[in-house]
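Everything on this sheet refers to the single structure shown next.
The values are calculated or read from the model by the stated rules, or taken from the named source; none is laboratory data. Nothing here was measured: the structure is a model prediction, and the numbers come from that model. Virtual Cβ from ideal backbone geometry, glycine too; neighbours counted across all protein chains shown. These area figures cover heavy atoms from the full protein model, side chains too; ligands, DNA and RNA do not enter into them. Shrake-Rupley method; radii C 1.70, N 1.55, O 1.52, S 1.80 Å.
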Amino acid sequence: MPAVLFRSTSDSAPAWEEMLKQRIPGLDFRAWPDVGNPEDIEFVLAWKMPPGTLDGMPNVKCICSLGQGVDHIFADPGLPEGAQIMRLVDPWMSQAMSEWVLLHVLRYHRQAPEYEELRKSKTWTALPAPDTASRKVGILGLGALGADAASKIAALGFDTAGWSRTEKQIDGVKSYYGEDQLMDFLGRTEILCCLLPLTKATEGVINAKTLAALPKGAFVINSGRGGHVVEEDMLAALDSGHIAHAALDVFRTEPLPQDSPFWEHPKVDLWPHVSAQTNPVSAGDQVADAIRKVFSGEAPDNLVDPKVQY
Ligand code: GLV
C-alpha cells in the first residue's frame, strides 16, 4: 500500500494515526520526520508544513489540509506537480465556528463592552435597549463556514446579509456579491464577520478603505485569517473610534508576537486561533474516505480549485 505522510505544527499525529488505522487497517502512516522512502508517499495530511517539505516526493497525489483553509498549502511554491489539494469540510467545525461568531455578535449587539466599561466606575445605568430586527450583521464569505454562521445569525432575528464572490441563496440572508457590491454591503453592516478563505484576491480585504466604509461605531469579528486584515489600519480605526471593538482569533504572525499592540488593546477581544479547532474524530471519516479514493485512483471530495485557491 502507498503511504500517508502527516506533518502538522501540533502534536496530533498519534490521534490521527489511531483514528485512521481504525478505519483503514494496515495503513502505512508516517509522521514527520520519519518519512522513510519519500517515493512511497502518495497522500499528505498537512497543517502549516514548511515550504519544501515535499521536495523529492514525486508520487504525491493529494495534499489534504488538516483545517478548513488551504492557504498554508499554497504558501509552498514548490508543491509536487499535479498534486490535488483538498480541505476539510466538517459540520463539527462549522458548528464550533458559528458558536464563536455568535458569541461575539451577541456580545456586541448586547453592548457588553459598554457595560464592562461602565462597571469600572461602578456606574449602574441603562443604555438604550438594542433592537435585533434592525441590527445589521454582515458576513464576508458564504462558503461552508460563512453560510452556516449566516443562517444561525438570521435565525436569531438579525437583519443579515452576506458578501461573496458569486451570488448565494440562503434563507433569510441578503446576498451581495462581486467587487461592485462590496462597498454597499459594508455601508449597511454594523457587525462585520469575516469568514473568507485567504487567497490572492482576499488578502488585506479589511483595510483602511473598507473599514472606513463601515458605519461609525461598527464592530469587526475576524476568524478567517490574519492575512485578511491590514493590522495597522485596524489599529488606527480602533484608536479613532470609527471601529468600536474587534474580536480577533487570527493574526498575520502566529503565535502573536509578545510586542504586538493587540495583546493589551482595550478594544480587542483576542483569541489564540481556536474558534474552530480540527477534531480527528469528526473529520476522520472524510479523511479516510479521501485516502481510499486517492489510493484507488479516484478524485476525493472537497477538492480546491487552484485557480481561485479555495
Ligand atoms: C483553521 O484555521 C482552519 O483552517 O481550519
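Residues checked against (1) of a type outside the set (Ser, Thr, Tyr); (2) within 13 Å of the ligand (Cβ to nearest atom):
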residue: 59; (1), (2): yes, no
residue: 79; (1), (2): yes, no
residue: 88; (1), (2): yes, yes
residue: 92; (1), (2): yes, yes
residue: 98; (1), (2): no, no
residue: 107; (1), (2): yes, no
residue: 129; (1), (2): yes, no
residue: 134; (1), (2): no, no
residue: 137; (1), (2): yes, no
Read through the list (1) surrounded by fewer than 22 Cβ atoms within 10 Å (Cβ to Cβ); (2) assigned by TED's automatic domain parsing to the domain that holds residue 218; (3) away from the ligand (no atom under 13 Å from the Cβ); (4) on the phi < 0 side of the Ramachandran plot, then give the number of the only condition that residue 30 fails. (2)
Single residue of 203, 116 found to be of a type in the set (Asp, Glu), open to solvent by 50 Å² or more (accessible area, probe 1.4 Å) and in a helix (DSSP H, G or I): 116
Run down 229, 287 and say which single residue is in contact with a Cys (Cβ under 9 Å, 6 or more places away or on another chain), assigned by TED's automatic domain parsing to the domain that holds residue 63 and within 27 Å of residue 8 (Cβ to Cβ). 287
When you look at residue 71, is it within 16 Å of the ligand (Cβ to nearest atom) and either open to solvent by 10 Å² or more (accessible area, probe 1.4 Å) or in contact with a Pro (Cβ under 7 Å, 6 or more places away or on another chain) (or both), yes or no? yes
Conditions first: (1) open to solvent by less than 50 Å² (accessible area, probe 1.4 Å); (2) over 30 Å from residue 154 (Cβ atoms). Residue 17 passes all but one, so which condition is the exception? (1)
Looking at residue 151, is it free of Cβ contacts under 8 Å to residues at least 60 places away in the same chain, open to solvent by 20 Å² or more (accessible area, probe 1.4 Å) and in a helix (DSSP H, G or I)? yes
